[in-house]
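What follows is a short report on a single structure.
The values are calculated or read from the model by the stated rules, or taken from the named source; none is laboratory data. Just so it is clear, the structure is predicted and the values come from calculations on it, not from any experiment. With ideal geometry, Cβ positions are generated from the backbone for all residues, glycine too; neighbour counts draw on all protein chains shown.
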Amino acid sequence: MFRNKSPIRAGATPGNWALLVGGAVPALLFRSGFGNLFLGLPFHFDELQRPVFTGGFFGLLHPFALLAGVVSLSM
């Protein structure tokens, strides 16, 4: 509501960039997580039959998962 009242008019302000990054990056990562569900996730069961995730964060960024995130973000 107050973004248009800013005295800075030349180009995009840092607040506009923060809104863009703050909305696009989480959406891309959440949609990439949904794309990982189609690929399958590295889980196994421990001795108490609890599911344990054996992968890492950067291991989840497969090209297909990122493509699913980019496509859903562009829609």
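Quick check on my filter: what residues within the range 60-75 are part of a helix (DSSP H, G or I) and surrounded by 12 or more Cβ atoms within 10 Å (Cβ to Cβ)? Listed by number, the residues that qualify are Leu60, Phe64, Ala65, Leu66, Leu67, Ala68, Gly69, Val70, Ser72, Leu73.
Quick grid of which residues meet (1) surrounded by 12 or more Cβ atoms within 10 Å (Cβ to Cβ); (2) in a helix (DSSP H, G or I); (3) modelled with pLDDT under 85; (4) in contact with a strand residue (DSSP E or B) (Cβ under 7 Å, 6 or more places away or on another chain):
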{"residue": "Pro7", "(1), (2), (3), (4)": "no, no, yes, no"}
{"residue": "Ala10", "(1), (2), (3), (4)": "no, no, yes, no"}
{"residue": "Pro26", "(1), (2), (3), (4)": "no, yes, no, no"}
{"residue": "Leu29", "(1), (2), (3), (4)": "yes, yes, no, no"}
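Every listed requirement among (1) at pLDDT 85 or above; (2) surrounded by 10 or more Cβ atoms within 10 Å (Cβ to Cβ) is met by Gly55 save one, (1).
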